[in-house]
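Working notes for the structure below.
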Amino acid sequence: MKILNWFLIPSIFFVFWIFFKIGLVFFGGGYVVIPIMHRELVTNLHLLTEQEFIDGTAISQLTPGPVAILATFAGYKIAGIMGALVGTFAMFLPGTALMLFISKTYDKIKESNLAHRALNTVIPVIAGLLVATSWQIGKSAIHNWFDLVLFAASLILLVRYKINPAILILASAMLGLFLHL
């Protein structure tokens, strides 16, 4: 039976390729990659369920380096411990290589108008990706009026009162524990 399980687990090379492709577009901050991970892992490849992705995203927000944690979580769900290690490594490989290249040529490109224009053009796309992912996750996470009230209260506390997101996440986890005991 154990041998059969090995054939059912996606190839480590496949896991590497998935996360490497995600890592190729991983710039502009960690939250930008969440919609791309969702599209690849949930929508296109069906390697994670919607609920697994939401759970992984929620867990990752409780830790430093949430994108690394989400990549590790997803890699583990797909192919176990080796999937977690390979997925995390592959996700950060392109960015690390790019930073090594940029650090050597930084003086040449820091004054480039072309580089500034390219980066400024990416910002609206990043905002669109974040809104699209919020919409997708919101549709899957809000099931009733209570969830909707929690969403609205969190949004108000974040935007209006600038409450730390970690406090909101921790408070909602404690509320969930309290309500379901």
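So is residue 10 outside any helix (DSSP H, G or I) and either modelled with pLDDT under 90 or in contact with a strand residue (DSSP E or B) (Cβ under 6 Å, 6 or more places away or on another chain) (or both) or not?
Taking the combined requirement at face value, the residue satisfies it.
Would you check which residues across the stretch 40-73 are of a type outside the set (Gly, Ala, Ser) and more than 22 Å from residue 12 (Cβ to Cβ) and list them?
If the condition is that a residue be of a type outside the set (Gly, Ala, Ser) and more than 22 Å from residue 12 (Cβ to Cβ), then 43, 50, 51, 54, 55, 57, 59, 61, 62, 63, 64, 66 are the ones that fit.
With the structure loaded, tell me whether residue 110 is among the basic types (Lys, Arg), exposed (fewer than 12 other Cβ atoms within 10 Å of the Cβ), in the same structural domain as residue 20 (by TED's automatic domain parsing) and under 29 Å from residue 17 (Cβ atoms) or whether it fails that test.
In short, no.
Identify, please: which residue in the stretch 33-46 is of a type in the set (A, V, I, L, M) and more than 19 Å from residue 92 (Cβ to Cβ) and is, among those, surrounded by the fewest Cβ atoms within 10 Å (Cβ to Cβ)?
Once the filter is applied, the top-ranked residue is 45.
Run down 122, 149, 159 and say which single residue is assigned by TED's automatic domain parsing to the domain that holds residue 66 and β-branched (Val, Ile, Thr).
122
Restricting the search to the stretch 60-99, which residues are surrounded by 15 or more Cβ atoms within 10 Å (Cβ to Cβ) and of a type in the set (Val, Ile, Thr)?
67, 69, 72, 78, 86, 88 - these are the residues of the stretch 60-99 that are surrounded by 15 or more Cβ atoms within 10 Å (Cβ to Cβ) and of a type in the set (Val, Ile, Thr).
Return only the number of the condition from (1) assigned to a helix (DSSP H, G or I); (2) under 19 Å from residue 32 (Cβ atoms) that residue 78 does not satisfy.
Here residue 78 clears every test but (2).
Inside the stretch 52-64, can you point out the residues that are without any contact (Cβ under 8 Å) to a residue 24 or more places away in the chain and not hydrophobic (A, V, I, L, M, F, W, C)?
Hits for the stretch 52-64 are 55, 56, 60, 63, 64.
Residue 31 fails exactly one of the following numbered conditions: (1) at pLDDT 85 or above; (2) out of contact with any Lys or Arg (no Cβ under 9 Å at 6 or more places or on another chain); (3) part of a helix (DSSP H, G or I); (4) under 29 Å from residue 141 (Cα atoms). What is the number of that condition?
(1)
The values are calculated or read from the model by the stated rules, or taken from the named source; none is laboratory data. Every value quoted in this text rests on a predicted model; they were computed, and no experiment measured them. Counting neighbours? That spans all protein chains shown, and the Cβs are built from the backbone with ideal geometry, glycine included.
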